[in-house]
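The values are calculated or read from the model by the stated rules, or taken from the named source; none is laboratory data. Since this is a predicted model, take the numbers as computed values, not measurements. Neighbour counts run over all protein chains shown; Cβ positions are idealised from the backbone, glycine included.
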Amino acid sequence: MNPESLDQLTIALTPASQGLLAAAIVIMIFAIALGLRPEHFSFLRTDPKLFWGGLAAQLIGLPAMTLGLVTILEPHPSIALGMIVVAACPGGNVSNFMTWSARGDTAYSVSLTAGSSVVAAIWTPAAILFWSQLYPPTAALLDAIHFNRVAFIIQTTFMLAAPLALGMVGAKFFPAAAEKFRKPLALFGAAMLAVVVINGVWRLATELFPAWALILIPVMLHNGAAFALGALSGRLLGASAPRRRTLAFEVGIQNAGLAIVLLLAQLKGLSGAAAIAAVWGVWHFFSGGVMIALYRYIDSRKRS
């Protein structure tokens, strides 16, 4: 594939598919909110420096590092946009499991995931626009597709904030029902998302496959840099070793599902950007597994 043509490909979705994408992310955000509890924000009270420092590393440090990375690598605009959108999204629950597996501080991980999920309702759409405007090629790409920035802010904020607020209200007043329906709703939303995304990407598989190196290499470098940033942030914050591991996963594991939804439903379905988010969502399971194995190896060496 001619690299420049990657920026021209779009994953065209029918109105029904766009509706399913929006419904999928609303259900998933609602399910996340159903699981939020006051104790998940305990670090805000017991160690505010660690709480806000960890959020800053993820919500500000990661997009800033991404901007520097795309400036150095100079990927094609749609690739750069995908990297910026992924970096602007909050962490996902996968980071909690990986933190636990790597013997990090799981309570701290849950606290950061909860905090980033709440803040993301307002922060994510604004961050995507802010950081993409700072990189001229992505700013020009958004202009070329006649992207309505005001509509994006309003629609995305509502799509994230409404289910988050409803879920938190439900968790507070109906805790038993919230716990009962949280996991089934999360799985249902994820299944809806997978069906629509796989169908859309499959239709462009023959065009995207020749460009695999253009997609995979930036994902690998970006994800590796994100893990390093998280670990370095932990050292700068004076965190203990388990909490440095937590920060590595919280910054290195992002909600690629949300990135895909925003790219397909709100950002014109640019295939290069959507492919970055999709590959990131697969790659971080592999890279996270490598990190877990590395941390466990370090622990075994210390015990021997």
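Observations, loosely collected:
- Filter result for Val282 (among the aliphatic types (A, V, I, L, M) and more than 22 Å from Gly189 (Cβ to Cβ)): no
- Condition check for Ile145: among the β-branched types (Val, Ile, Thr) and within 30 Å of Leu44 (Cα to Cα): no
- Residues (under 20 Å from Ala121 (Cα atoms) and modelled with pLDDT under 80) located in the stretch 264-285: Leu264, Ala265, Gln266, Leu267
Matching residues to (1) under 30 Å from Tyr297 (Cβ atoms); (2) of a type in the set (Gly, Ala, Ser); (3) out of contact with any Lys or Arg (no Cβ under 8 Å at 6 or more places or on another chain):
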position	(1), (2), (3)
Ala107	yes, yes, yes
Ser117	no, yes, yes
Ile122	no, no, yes
Tyr135	no, no, yes
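Let's see how each residue does on (1) polar (S, T, N, Q); (2) closer than 29 Å to Ser132 by Cα; (3) in contact with a helix residue (DSSP H, G or I) (Cβ under 7 Å, 6 or more places away or on another chain):
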{"residue": "Leu216", "(1), (2), (3)": "no, yes, yes"}
{"residue": "Ala231", "(1), (2), (3)": "no, yes, yes"}
{"residue": "Pro242", "(1), (2), (3)": "no, no, no"}
{"residue": "Asn255", "(1), (2), (3)": "yes, yes, no"}
{"residue": "Tyr295", "(1), (2), (3)": "no, no, yes"}
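- Flag for Thr99 being in contact with a Lys or Arg (Cβ under 9 Å, 6 or more places away or on another chain) and under 11 Å from Ile253 (Cβ atoms): yes
- Where helices (runs of 4 or more DSSP H) fall wholly inside the stretch 1-111, the ranges with 1 or more residues that are surrounded by fewer than 19 Cβ atoms within 10 Å (Cβ to Cβ) and either within 20 Å of the chain's Cα centre (by Cα) or modelled with pLDDT of 90 or more (or both) are 15-34, 48-56, 62-73, 94-101.
- Answer residue from the stretch 154-170, given it is closer than 12 Å to Ala120 by Cα and β-branched (Val, Ile, Thr) and is modelled with the lowest pLDDT among those: Thr156
- Selected residue (criterion: nearest to the chain's Cα centre (by Cα)) from residues of the stretch 245-263 that are aliphatic (A, V, I, L, M) and modelled with pLDDT under 85: Ala256
- The residues in the stretch 121-152 that are in contact with a strand residue (DSSP E or B) (Cβ under 9 Å, 6 or more places away or on another chain) and assigned to a helix (DSSP H, G or I) can be counted, and the count is 1.
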